[in-house]
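The values are calculated or read from the model by the stated rules, or taken from the named source; none is laboratory data. All values reported here derive from a predicted model rather than from experimental measurement. Glycine also receives a Cβ, built like all others from the backbone with ideal geometry; neighbour counts cover every protein chain displayed. Calculation scope for accessible area: heavy atoms of the full protein, side chains included, ligands and nucleic acids excluded. Shrake-Rupley method; radii C 1.70, N 1.55, O 1.52, S 1.80 Å.
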Amino acid sequence: MEITAEQLLTGFGDTLYMVAISLLFSALIGLPLGILLVITRKGHILDNKWIFNILNPVINILRSVPFIILLVAIIPLTRLIVGSAIGTTAAIVPLVFYAAPYIARLVENSLLEVDKGIIEAAQSMGATVPQIIFKFLIPEGLSSLILTFTTATIGLVGASAMAGAVGAGGVGDLAITYGYQRFDTMTMVVTVAALVIIVQLLQSTGNMVSKQIRRR
């Protein structure tokens, strides 16, 4: 039994839902963490070795756990938060745990590219820490940050497909249920092609927006 167009559209919708919601929460967590990693490192505007030395290894540990293991390991927490460990909404919890530290590290890398001379100029003008962050650091690193979130979104698309292994829904679930388990080669080709198209569209859009910002 091959998948229908309706099932494919439903899978697209489920994947979009998982990626969009998990990206939102991951960004709300990962962006501040990434900024903290930058400003608390030695020699930066809020030099604090205690915060940096705690935050840095915690993020490294969370990033080192493969998503499929994380998916299973936090099932009790997922049940506690959403009331179930199976389904599209349940998949958002491990996706956030997976993407938030990843975004934090990507944000750190993007903001470290900002010329230190700009930060020093802001300090010499008497700018406060929040002013330096929101009026100098983030605006100067915005082009790179766009690419950062593009990369994170693509990573979430891949992870959401993997979440189909535990019945999370989406395109990945279609690939596993209809393609792999029923040995339907055409379904596998269609779902893989759909994921490739999604990734290409995301990357092209991110590149275009980043390029436009860089020209300003």
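Among the residues here, ALA27 does not qualify as modelled with pLDDT under 90, part of a helix (DSSP H, G or I) and surrounded by 14 or more Cβ atoms within 10 Å (Cβ to Cβ).
Taking the options THR78, THR88, name whichever one is among the polar types (S, T, N, Q) and free of Cβ contacts under 8 Å to residues at least 60 places away in the same chain.
THR78 is the lone residue from the list that is among the polar types (S, T, N, Q) and free of Cβ contacts under 8 Å to residues at least 60 places away in the same chain.
All of ILE92, ILE81 fail the test of being over 25 Å from LEU142 (Cα atoms), open to solvent by 70 Å² or more (accessible area, probe 1.4 Å) and in contact with a helix residue (DSSP H, G or I) (Cβ under 9 Å, 6 or more places away or on another chain), apart from ILE81. Of the residues contained in the stretch 111-126, one or more are found to be of a type in the set (A, V, I, L, M), open to solvent by 30 Å² or more (accessible area, probe 1.4 Å) and either part of a helix (DSSP H, G or I) or under 19 Å from GLY164 (Cα atoms) (or both). When GLN131 is tested against (1) touching a residue at least 24 places away in the same chain (Cβ under 8 Å); (2) out of contact with any Leu (no Cβ under 9 Å at 6 or more places or on another chain); (3) open to solvent by 20 Å² or more (accessible area, probe 1.4 Å), only condition (1) is not met.
Counting only residues that are surrounded by fewer than 19 Cβ atoms within 10 Å (Cβ to Cβ) and either under 17 Å from PHE134 (Cβ atoms) or touching a Ser or Thr at 6+ places or on another chain (Cβ under 6 Å) (or both), the stretch 45-65 holds 3 of them.
Does VAL93 qualify as being out of contact with any strand residue (DSSP E or B) (no Cβ under 6 Å at 6 or more places or on another chain), part of a helix (DSSP H, G or I) and over 24 Å from VAL58 (Cα atoms)?
Spelling it out, it is not the case that VAL93 is out of contact with any strand residue (DSSP E or B) (no Cβ under 6 Å at 6 or more places or on another chain), part of a helix (DSSP H, G or I) and over 24 Å from VAL58 (Cα atoms).
Restricting the search to helices (runs of 4 or more DSSP H) fully inside the stretch 129-209 and requiring at least 1 residues that are among the polar types (S, T, N, Q) and at pLDDT below 90 gives 138-162. State whether the residues of the stretch 10-21 include one that is in contact with a Phe, Trp or Tyr (Cβ under 6 Å, 6 or more places away or on another chain) and either of a type outside the set (Asp, Glu) or open to solvent by less than 50 Å² (accessible area, probe 1.4 Å) (or both). No - not one qualifying residue is present in the stretch 10-21.
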